[in-house]
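What follows is calculated from the coordinates using simple rules that are stated; it is not laboratory data. Everything quoted here is computed from the prediction, not taken from an experiment. A quick note on method: Cβ atoms are made from the backbone with ideal geometry, for glycine too, and the neighbour counts reach across all protein chains shown.
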Amino acid sequence: MDLPVLPQAGDGPARRQRGNPRRQARIVSDNGRSRHIAPRSGTAFELKAGEELIVIDPEGGQVADLLAVSLDDIKEMLSSGRTLDYAERIYLTTGDKLYSNRSNVMLEIVEDTVGRHDFLLTPCSEATFRLCYENEPPHQGCHGNLAAALAPYGVTADAIPVAFNCFMNVPVDGKTGRFKVLPPLSKAGDHIAFRAEMDLVIGLTACSAPASNGGSFKPIHYRIVAKEEARVASAG
């Protein structure tokens, strides 16, 4: 399958938006500071401006759906369309910014040890299992897990948009436009780190769809890095 020839990070008009794509990746170890998301489940938490969120694949081959909502106004949330429009490509990595539906920067990717994530496909849902996994037991999927986790913040199920699918591997045929969902390229311990550019509510899952995760379901770990600690790491 021929893949599209896409600009690399730093090419085109988006170059002006980038931070430091050469920032050296930190060694992320499970030293008790990481929080655990059980397989096929989700959580929600606040992330303040300047803090960093590190999403870790502890065992390898596991997708995590990430959704960001403004803490000040839940009607402002992560937008795939705005982000990809401004980035001018579909594969995002270190130095790329994730925009809201109001074109405000919500997150910036500051580290990425994998380099392949998806921002095209919606969170899997009960309907996904009904339509795409007829032989699998029904499950509420990432959409249901995000809805349940974000409900205390006032986010309704119908408001949930396309999430940023950490580690999800969706190659696209450059000639036909057809895509495939393949197993993630992430290995045990791989991670992606985001810096918050505004106060946010984050919804995060360990994905429930069989195809997205190579047919198995594993946990996701995450860590919140305080603003002061993040500044020191960035300077280093």
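Rounded if a/c is under 1.5, else prolate if a/b beats b/c, else oblate: with a ≥ b ≥ c from the C-alpha gyration tensor eigenvalues square-rooted, which is the range 41-124?
It is rounded, given that a/c, with a ≥ b ≥ c, falls under 1.5.
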Study note, to complete from the structure: Applying the gyration tensor rule to the Cα atoms of the range 93-162 (axes a ≥ b ≥ c; rounded if a/c under 1.5, else prolate if a/b exceeds b/c, else oblate), the class is oblate
Practice item. Would you mind checking the radius of gyration and Dmax of the range 35-235 based on alpha-carbon positions, in Å? Key: 15.7, 51
Exercise for review: Take the alpha-carbon centre of the range 67-93, take the same for the range 161-176, and report the distance between them in whole Å.
Suggested key: 15
Review point. Computed FRET efficiency, Cβ-Cβ of TYR153 and ALA38, R0 25 Å: what is it to the nearest 0.05?
Key: 0.75
